[in-house]
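Notes follow the structure.
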Amino acid sequence: MFRVGISAEGADPCRRGNAGHIASGDLKGARAIFRRIFPILLVPLTGCSGVQSALAPAGEEAAGIYQLLLVMVVGGVLVWLAVVGLLLHAARRRKVPWTEEQAGRLILFGGVAFPVAVLLALLAYAVWLMPVIRPWFTQQAPQPEMIEVTGEQFWWRIRYPAVDGMPAFETANELRLPVGERVAFSLEAADVIHSFWIPVLGGKMDMIPGRTNTSSLLPTKTGVFRAPCAEFCGTSHALMAFSVIVMEPADYLAWRRAQAAGNGTRGSEGERLFAFHGCAGCHGIRGMTQAASLGPDLTFFGQRQTVGAGTLANTVENVTRFIRNPDAVKPGAKMPAFDMLPAADIAAIADYLVGLK
Amino acid sequence: MTERAELSVEERKAQEAELREVWQTPSGWRYWTSVNNTEIGLWYGSAAFLFMLFAGVLALLVRVQLAVPDNDFLSADTFNQAFTLHGTVMMFLFAVPIFEAVAIFLLPSMLGARELPFPRLSAFGFWSFALGGVFVCGSIFFGAAPNTGWFMYPPLATDKQYSGIGADIWLLGLSFIEVASIAAAVELIVGIMKCRAPGMRINMMPLFAWYLLIVAGMILFAFPPLIAGDILFEMERMFGWPFFDATRGGDPLLWQHLFWIFGHPEVYIIFLPAIALMAMIVPTFAQRPIVGYSWIVLAAVGTGFLSFGLWVHHMFTTGLPQISLAFFSAASEAVAIPTGVQIFVFIATMLAGRVIFSVPMLFGAGGLAIFIIGGLTGVMVALVPFDWQAHDTYFIVAHLHYVLIGGMLFPVVAGVYYYYPLLNARKLSDRLGKIAFWLMFSGFNVAFFPMHLAGLRGMPRRVFTYPADIGWDWFNLISTVGAFIFAAGVAIVVIDVLRPKHREPKGEQNPWNAGTLEWISEPEEKWGVRSIPIIKSRYPIWDQPNIIEDIKAGRFYLPDAKDGARETLVTSVLDAEPIQCLRVGGTSVLSILAAFSLGGVFIALTFHWWIVTTVCAVMTLAAIIAWLWTGTAVIPKEEIRDVGLGKTLPLYTSGPQSVGWWAMFITMAGDGTAYASLMFGYFFYWTIHDDFTAGHAGPGTLWPLAAVGLFTLAWLAMLAARKANEGDRDARTRLWLTLSALLTFAAGCAGLAGPYLTGMDPTAHVYPAIVWVVTLWTVVHGGVGVIMQAYCLARSLAGRMSARHDMDLRNVVLYWHFLVITAITSFGVLGLFPGLR
């Protein structure tokens, strides 16, 4: 079976310059030091495939957590070396064993005093960091504009709200965000628990049926990234991802305006067959008469990186494969197989969809 | 110590013949009806190891599938079944049972006892475990294994179309095994508290006993919430009661709370006994007593307590308020401190002794080096912000395997090499042991270290495949290679254990020159200890001269078995003063019958075979009553027994002096915990909804309060029955018992009348559902109470219960204390609470 990740073009952390700024100035001092030390330690960690890596932060939350990680890795390595060194030393035969009093003191200092001090410091750091990277939304505070993301087996429904005179619109499996602006999300699940996670931007927030969770992210770099579902959600949990495209604010606004306007009719044979064979019964394409929303919206499908929520590269050939038998590409997918349709019809529909740019 | 006249060789031989006759293992097919702790321990341990190897093979299949991107070695669904079963089997069928096995095997001789107090209960536990385990594991060969992850989160796991019968197999099969675990916990707690050799005060117990006491206590409070969760879960799956269905007022998060209130202590239930093995091994190889005995005991107790306050760290990404996240983060960090103390106690003991380094120490030290990495990554993921990134990634897979394999599997293998001479009078091979160690140690690190990096690079857990070129390809290939190296190491351990050794000469009885009592047991003798010694030290073999010789010469307590019964001493809880000579159950098929028929109940329920379920339930009840009737509270021919050294002890005690009373008390503590978990559910729904009744009529106030009153009267009647029996008035006792049973029946009817008469439909909304569940739980307990009353009545009529011999009645009254608290709480809350808003 052939699958691809999202093209990493433009997202390669090796080719990007220094990280974008972090909004909170408190983090800067420590960061300068680590920027110098850590490239050496973490070369094997970061590598160059950063589209889905917590080690190549492109957002404020991910950067804050990355620094916490660096502190802990250094501390952890030192503690491990010290304790295992002591253990090896203790395992050697010595002429004069320690007295019971000396040994007792080791327990007191090594087992109690030292860990208490270190853990308190770490805890203080982490508890301070929490609200810094994930600001609390209270009932009183003005709610920022919220993008609604709903997890469904095994794809992502994304609704942008109406703003600045532009109507709300729905899309799927591809999230576009402006760089340097905090964006809030309202997270829900349609069927089972899923988890919303864009590793390069920040940590997870679960999507739980019957509940609405909120989270917010502040991207600091432009690029194309990948976001997998992070809570086991059934047969094709492994094949449920979305792409994240962080854009310059002006480009973002232009994209949003175009989305809200919808896609014009092509008048092509593929478009006719799309309606004729009932595809439009589940999939909405703004600009066509029916506005179904059972399955993923396909309005600007041709712009998307992948077909099947991160499963295959978005090519006519792969879309054809998917339509013919979704279950063979993505086990457990809810879309039925259409292998009874004439091959020419499927090809025409695939051609039409990939052309929706 | 009162000296007794030295016995002649003939007298000694006669005593030994008696003992051998009483404690012999039956032959032929009846071998399997044995209940002796050495057989049960061995079977239990072997079965747990077989399940471990099975789950290990599943892990290798998982690793093969993940070796390269876009692999199709396993289908998505088979993969999901494989990783679910791998986790489930390792946790429930290996990690917990192996310690029950080791404890059942070692504890009696370690405590200087002949047996644990309830050998038939041990046998029942083993057979339940074996049957349940085969049922759960076998499901994968029919493609019907659970496939929702070992954590079974609803609504995925309540979706019958997705999870099929697998989820029922998980819920019912494991509930059955949990029953066995709780049975073992009761056995171990009572054994450790009441069956120590005279003089072994509680602060002189071997550390292994301390740890097992703590762990058994944890099982008692950790497993019941899961059982309560299982009940809610099955009610939803079988009858559509919407406990986790958000559309009808339920909430999937309640399951997560109940599961992790069990699931996190579970980690320490697994880890502490392994540390206990280390606490036996390290002093032996340092050739000195442990340094900081009270430090390590306090640390273990502290770990046990703290482990119940950490569960939310499995739920840091569910959207709970940051303030509670910070609290649970602090508690999770705190548990690192007692853990660190335990590690430093070992290091300090080694520094203060002269270490002899051999294979058990190699596995112990290697395990510690691995475990420390797991502990450090544990400190990392306990910090909320880092967990937001690491949660549900391969970083966690790496972390938990570093903890469990370093903190549990390596110490267990160390224990196998250390204790093998107790099984076979020969050591395992040093050479094979070293080869196995280096293969396991290097293979483990090659397999699991790269997972940290894959996880940080964004690889989620539980994925059956992954795309190429996003930075995980090499890590996964290396992990797979490492997994096979590790498996080769495990295979060598298996070969070393199984290879025939009868040609090798027998070794010494205490080959490592250890200081604790378990080394006095002789593999070919089934009596445990030849005579029950008086203990004056934590390391009696080191500190009490000639103790082994004196024990073997029968110079201590109970050197004979003149009445042909299996006997051991019962001592007081703190100071271990002898208070009773206890006759324990011998070889019997009843425990197997009870286990198999109870298994039948659970298996038939899985397939909704209601008639078979009912038949099996009746058989279970019959087997248990037959077991109790013939084997417990037997009135001895003589009241007292000369146990030697000029001491005579009663053969029958009741109330808090007796082991049966303690077992009832402990069982009811566990039962009360399950009940508390259900009530937690009730109030949980209240907190998440503005109006959790959602407009549904409640059970009213009248009927619930009538139930409270009637249950209280029934309880008072039980107290009156006990009083009458103390005054030796049989007729009155029987009258009060009958009256109490009738009152209980009326109380149950009143309890059911509330929700029934107001037409509460449990499938409509979660409020009626939780009311029904609490009602049914209480009424079923009332029903069990009536069965107990009928049993007491029958015992009284059969002349098996009297004023002096009132163990049955006192245990049943104890049950009633718990029952009346349950009833008052249930019906008080159901009747009054909705009105108090």
Tally of residues being more than 9 Å from chain A (Cβ to nearest Cβ) and not in a helix (DSSP H, G or I) across region B:317-346 | 2
Subset of region B:690-708 [surrounded by fewer than 16 Cβ atoms within 10 Å (Cβ to Cβ) and part of a helix (DSSP H, G or I)] | B:702
Mind listing whichever residues of region A:85-137 are more than 7 Å from chain B (Cβ to nearest Cβ) and among the small types (Gly, Ala, Ser)?
-> A:85, A:113, A:117, A:121, A:124
Go through the residues of region B:772-782 one by one and say whether even a single one is over 22 Å from residue B:239 (Cα atoms), of a type outside the set (Val, Ile, Thr) and touching a residue at least 12 places away in the same chain (Cβ under 8 Å).
-> yes
Complete set of residues in region B:133-151 that are farther than 16 Å from residue B:606 by Cα and not polar (S, T, N, Q) | B:141, B:149, B:150, B:151
Within region B:243-261, residues being buried (at least 23 other Cβ atoms within 10 Å of the Cβ) and either within 12 Å of chain A (Cβ to nearest Cβ) or under 14 Å from residue B:678 (Cβ atoms) (or both) number 11
Return a yes/no flag: does region A:224-235 have any residue that is of a type in the set (Lys, Arg) and either part of a loop (DSSP other than H, G, I, E, B) or modelled with pLDDT under 95 (or both).
-> no
Identify all residues within region A:254-295 that are surrounded by fewer than 16 Cβ atoms within 10 Å (Cβ to Cβ) and among the polar types (S, T, N, Q); write none if there are none.
-> A:265, A:268, A:289, A:290, A:293
Within the group B:813, B:779, which residue is in a helix (DSSP H, G or I) and within 14 Å of residue B:710 (Cα to Cα)?
-> B:779
So which pairs qualify, if the first residue must be in region B:120-133 and under 19 Å from residue B:30 (Cβ atoms), the second must be of a type in the set (Asp, Glu), the Cβ gap must be under 6 Å, and the two must be at least 6 apart or on different chains?
-> B:122/B:187
Any idea which of (1) more than 7 Å from chain B (Cβ to nearest Cβ); (2) in contact (Cβ under 8 Å) with a residue 40 or more places away in the chain; (3) more than 27 Å from residue B:243 (Cα to Cα); (4) surrounded by 24 or more Cβ atoms within 10 Å (Cβ to Cβ) is the one residue A:224 doesn't satisfy?
-> (4)
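Filter region B:722-733 down to the residues that are farther than 16 Å from residue B:811 by Cα, assigned to a helix (DSSP H, G or I) and either touching a residue at least 40 places away in the same chain (Cβ under 8 Å) or touching a Ser or Thr at 6+ places or on another chain (Cβ under 8 Å) (or both) and list them by number.
B:730
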In region B:285-303, anything within 14 Å of chain A (Cβ to nearest Cβ) and in a helix (DSSP H, G or I) is listed as B:285, B:286, B:293, B:294, B:295, B:296, B:297, B:298, B:299, B:300, B:302, B:303
Please tell me if residue B:269 is within 23 Å of the chain's Cα centre (by Cα), surrounded by 24 or more Cβ atoms within 10 Å (Cβ to Cβ), within 12 Å of chain A (Cβ to nearest Cβ) and farther than 23 Å from residue B:689 by Cα.
-> no
Quick one: count up the residues across region B:463-498 that are surrounded by fewer than 20 Cβ atoms within 10 Å (Cβ to Cβ) and at positive phi.
-> 1
Residues satisfying the stated conditions in region B:60-100, i.e. more than 14 Å from chain A (Cβ to nearest Cβ) and surrounded by fewer than 19 Cβ atoms within 10 Å (Cβ to Cβ) = B:60, B:61, B:64, B:67
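The values are calculated or read from the model by the stated rules, or taken from the named source; none is laboratory data. Small disclaimer: the values here were computed from a predicted structure and weren't measured. FYI the Cβ positions are ideal-geometry reconstructions off the backbone, even for glycines, and counts take in every protein chain you see.
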